[in-house]
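The values are calculated or read from the model by the stated rules, or taken from the named source; none is laboratory data. Just so you know, these numbers come straight off a predicted model, no measurement behind them. Cβ: placed from backbone, ideal geometry, glycine included. Neighbour counts: every protein chain shown. Note: accessible area is taken over every heavy atom of the protein model, side chains too, but ligands, DNA and RNA are not part of it. Shrake-Rupley method; radii C 1.70, N 1.55, O 1.52, S 1.80 Å.
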Amino acid sequence: MARTVTSTVRVLDALAPVLRDDPRVDVVFARDDTSAFSSGIPELLAAEGARSFPFSQLHEVDCDLIVTATENADLVGNSTAPVLVLPHGVGFHKHVPDSRSSAERISGVVPEALLLSGRARLAVSHPDQERQLAALHPATRGRTVQVGDPALDRLLAGVRLRGRYRRALGVREDQRLVVFTSTWRGESLLGSHPELPARAASELPYDAYRCALVVHPNVTAWHGGWRLRSLLSSAREAGLLLVDPAPSDGWQSALLAADLVVGDHGSVTFYAAALGVPTLLAAFGSEAVPDTPLAELGACAARLDHTAPLLPQVASALGADTEQLSKVTTSALAWPGDSARRLRRTVYDLLRLDEPDAPARVLAPAPPTEPLPEVRAHVVRTVWTGRDGTRLEVTRNAAAPEPPVEESAVAHLACREDERDDGLRQRASVLLASEDHEDCAAAARWARHALDTSPGAVLAAAAVDAGTWLVAVRGRGAAVVRAMRSRAPDVGVPAAVVYALVRGRRSPEGAEVRVSHGEGQPPSSDGELCLRVESWAE
């Protein structure tokens with residue numbers, strides 16, 4: 001059954017390891033477009049190469065088993081096949097609108113008529129859920145199967161590949177990845193605080209933090225991908241990666257790469273806590289069912305103060321103890337690592353087939369195919385520190401939206417030449433070449449042209465090779481800067497050093513500056529970054 005993108009992805013993920021290599025079983029998807037969130041299903045199935053037909057033709061198909069991760073499909077009277085209902089989230093923890101009335105219901109519970117038909121089996125991820133369902137609907141007694149959670153098991157299989165996911169996203173070892181996650185409806189993170197991703201992407205220092213956002217597929221289905229991207233324009237320009245939630249490899253690999261998850265009452269937040277990822281709640285909806293593990297998570301997880309600066313809260317959350325939150329999730333996620341075996345046994349029992357001899361396998365999520373976007377315009381703050389004044393702290397924040405500038409810092413706007421916002425480029429004090437040049441002469445020619453065509457800029461910088469840069473200052477001359485130790489930074493850092501020297505009325509010639517950038521820390525464990533101005537030509 002394919003009724004929403006969320007439920008369809010769950011079925012695709014769950015069945016892939018269960019039915020692999022078995023020629024006896026064929027799979028076809030019935031597309032039910034009666035949901036308000038069915039947009040995107042044909043594209044998803046086409047991308048996966050899955051066969052499908054309209055739901056209205058279900059009664060014409062002689063099928064042996066219906067597998068669904070949506071409880072809303074009208075399966076009474078359309079078929080006599082057994083029905084296996086998989087959860088499309090973590091447990092039965094949320095009140096959601098009932099598509100058949102104006103009331104609300106608990107997500108995941110099938111209609112009474114299907115339960116009374118005796119055809120349905122409900123997969124659960126913990127024995128406590130059987131007792132919860134029996135209290136809600138006595139007809140579920142004897143109709144549940146203890147499967148575990150296939151999504152959790154894929155995540156667990158990918159833990160060892162964390163470094164690979166981070167490299168694919170472009171996150172350095174010295175950077176922290178903050179993943180924001182939002183479920184749907186008004187009390188979600190985006191529903192209640194839509195400004196938070198842009199605020200975080202601009203407030204958190206670019207060299208120390210990178211940001212990604214995972215959004216529930218219902219948000220895209222309701223608003224459309226174009227509208228969602230438009231609503232997040234400033235955040236994306238500030239370096240936010242908007243993760244495609246379908247297929248699930250995207251959000252799962254982002255979660256495995258994360259150093260911190262800032263979420264709400266959605267399942268992705270719950271999975272983060274289960275993995276032991278530091279977790280901070282930016283919102284938590286009243287639709288969480290009381291006395292469930294999700295409600296308990298909401299009671300004990302730290303909350304984000306939206307009226308306070310983000311950086312201290314993020315830094316504090318990164319060092320928080322995650323043991324308590326992990327314990328909470330165990331009351332909803334039993335039998336870790338065993339869901340493929342349990343689910344395959346259930347599916348083949350319902351199909352009345354012998355299981356294949358080979359063991360059931362779970363594959364880790366595929367690495368991300370889209371890296372974090374580059375930021376081409378920064379507000380740069382430089383502060384001289386140390387008794388001898390030879391240390392320079394460089395802090396860069398994305399310029400869209402532009403963060404406030406403290407009076408205690410020398411600040412400027414630096415833009416790469418390929419910045420798409422011409423208004424930002426025209427306002428920039430520092431221009432940066434987007435490509436390396438073959439030698440200092442070529443870099444100098446580029447710098448002269450850049451300054452000639454941008455009257456407001458006072459400095460232009462270009463990389464010559466790894467660890468060597470040419471920095472030209474309007475009316476003053478040009479400097480060749482080299483990195484003496486550590487990994488070479490991008491061209492914006494040496495440009496900031498020369499800018500700070502000139503603005504501080506210090507002679508650039510022969511200057512040797514120890515630099516920290518990001519959160520006041522050296523850029524790598526190889527040693528402190530030291531830049532030297534090796535030549536200065538008036």
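Numbers at a glance
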quantity	calculated
Helical contribution to [θ] at 222 nm, DSSP H n ≥ 4, -39,500 (n - 2.57), averaged over the chain, rounded to 500	-9000 deg cm²/dmol
Paired Rg and Dmax values of the chain, which use every Cα atom, in angstrom	27.3, 89
Relative contact order (%) - the chain, alpha-carbon pairs under 8 angstrom, separation at least six	13
Dipole of the range 78-128 [Lys/Arg +1, Asp/Glu -1 at C-beta], most positive-end residue of Leu115, Ser79, Gly91	Ser79
Heavy-atom surface of the range 118-232, accessible at 1.4 Å and reported per residue (Å²)	40
Distance between the range 94-139 and the range 1-49 - C-alpha centres, whole angstrom	21
Å² of accessible area per residue within the range 426-502, as computed with a 1.4 Å probe and no ligands counted	40
Ordering of 67-77, 42-52 by packing [mean C-beta count within 10 Å, highest first]	67-77, 42-52
Nearest-20 debye value, the chain charge dipole, Cβ charges on Lys, Arg, Asp, Glu	500
Rounded to 5, the percent of DSSP beta bridges in the chain classed as antiparallel	50
Among Ala47, Trp226, Pro336 - extreme Cα towards positive end, dipole of the chain, charges at beta-carbon	Pro336
Under 12 Å, Cβ to Cβ, from Ala30 - net charge with Lys/Arg +1 and Asp/Glu -1	-1
Isotropic mean projected area of the C-alpha convex hull, the range 307-429 (nm²)	16.1
Overall form of the range 132-211 per C-alpha gyration tensor (a/c, 1.5; a/b vs b/c)	oblate
Volume of the Cα convex hull of the range 69-135, divided per residue and given in Å³	91
Carbon/sulfur fraction of accessible area - the range 39-92, other protein chains in place, 1.4 Å, %	46
